[in-house]
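Working notes, structure below.
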Amino acid sequence: MTSQIEKPPAPLPDEEAHLKALTSASKFWLEFSVFDDGLDAPRAASLTSAAAGAHEHFHRFPDLPPEIRLKIWSYLVVPRVVTACCFERDSRLPSRRQAFLDRSGGASRAEEPAAKEGLVFNPTCPVILRVCRESRALGLEHYELAFGWKISALLSDTPIARPPRAWFNCRLDSLYLVGELEAYDQYGFNSPMVYFLKREDTKRVKYVACAFEELHYPEQESDQIFGCLWHVVDRFSGARRLLLAVTPRDEEGMKGCLMLSTDNVMQKIWNGWILGTTVTTSSLADTQILLVRECDLADAMASHAEEDENKKARR
């Protein structure tokens, strides 16, 4: 008997309609890009400057033994920071869009020869997947498409969904949440952005950060800030800490706050509320909330990933 490959179940009518919905018709939607690709970190930059006088091309590379070529390709698998932004179609959309573009400085660009007309370019695609077949085969052992999302009719007149389209390495990469962390419907009811993402994806993320400005401190009450932090920490149960990225503008309004210290205002808000609730776990209670300058976010995330990798190697 000839074995047949099982096909995935066809989407339900409602699901199919959500997948076909246009972002131009939706009130809320998500987009992904790369804040930092890990290849422009100070360590990589120092190597580049040291080799500035060397040849730009190494024509004998294909003649190297396969194990050496693979070792070289493996250096492209580095901790990255992938940005997930929730947009809302309102008067703030132009400024949100510009902020998202400013935070996409680490995204690969589409001006490369491979980006031909008619092809959809994915800004989250790591370099290793686009060099050649050999590098791509190695890269696919580390990266996968993740973060399918759905926004229901309860929040938007036009419900919308998308399949996983963000390339992500759950072992090394970080997810940086920006935009509307708490989306509100016309009646004032909120729906956390993180709940648009599938839990089977979020629980595998080890490193997560949020834009500090989206907490609206100090205008917003501490209970609302705690609620926003709770949703993120609860959804990303595999992360031991949550980093809040602070811009220079944020820093002006929060003088006296300690950066990269557990003795900061957000950690105090978290501890103050978490100790007063009975519906929690020790992992949630032990979560570290750290403040870090946005310009230092990639290095901070990379150091956490490196620390965890070293611990794993010592076992």
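Brief remarks on what is shown
- For the range 253-264, taking the residues that are within 24 Å of the chain's Cα centre (by Cα) and surrounded by fewer than 18 Cβ atoms within 10 Å (Cβ to Cβ), the one that is modelled with the lowest pLDDT is identified as LEU260.
- Those residues of the range 68-89 which are free of Cβ contacts under 8 Å to residues at least 40 places away in the same chain and not basic (Lys, Arg), in sequence order: ILE68, ILE72, TYR75
- Contact map, the range 162-174: first residue within 18 Å of SER303 (Cβ to Cβ), second residue among the hydroxyl-bearing types (Ser, Thr, Tyr), Cβ cut-off under 6 Å, separation 6 or more or different chains; pairs are ASN169/TYR143; SER174/TYR207.
- Screening ASP173 with (1) within 22 Å of ALA211 (Cα to Cα); (2) charged (D, E, K, R); (3) modelled with pLDDT under 95 gives one miss only, at (3).
- Test: residue in the range 103-112 that is hydrophobic (A, V, I, L, M, F, W, C), at pLDDT 90 or above and surrounded by 10 or more Cβ atoms within 10 Å (Cβ to Cβ): no
Let's see how each residue does on (1) among the acidic types (Asp, Glu); (2) crowded, with 17+ Cβ neighbours inside 10 Å:
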position: TYR176; (1), (2): no, yes
position: PHE196; (1), (2): no, yes
position: GLU200; (1), (2): yes, no
position: LYS203; (1), (2): no, no
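- The listed residues are LEU215, LEU181, and the only one of them that is free of Cβ contacts under 8 Å to residues at least 60 places away in the same chain and in contact with a helix residue (DSSP H, G or I) (Cβ under 7 Å, 6 or more places away or on another chain) turns out to be LEU215.
- Meets criteria (touching a Pro at 6+ places or on another chain (Cβ under 9 Å) and at pLDDT 95 or above) for VAL205: no
- Within the range 71-93, considering residues that are aliphatic (A, V, I, L, M) and over 19 Å from TYR195 (Cα atoms), the one nearest to the chain's Cα centre (by Cα): VAL81
- Any chance ASN190 is crowded, with 20+ Cβ neighbours inside 10 Å and out of contact with any Ser or Thr (no Cβ under 9 Å at 6 or more places or on another chain): no
- The set of residues in the range 90-106 that are among the basic types (Lys, Arg), free of Cβ contacts under 8 Å to residues at least 60 places away in the same chain and either part of a strand (DSSP E or B) or more than 19 Å from ASN122 (Cα to Cα) (or both) contains only ARG92.
The values are calculated or read from the model by the stated rules, or taken from the named source; none is laboratory data. Keep in mind that what you see is a predicted model, and the values were worked out from it rather than measured. Please note: Cβ atoms are built from the backbone with ideal geometry, for glycine as well, and neighbour counts cover all protein chains shown.
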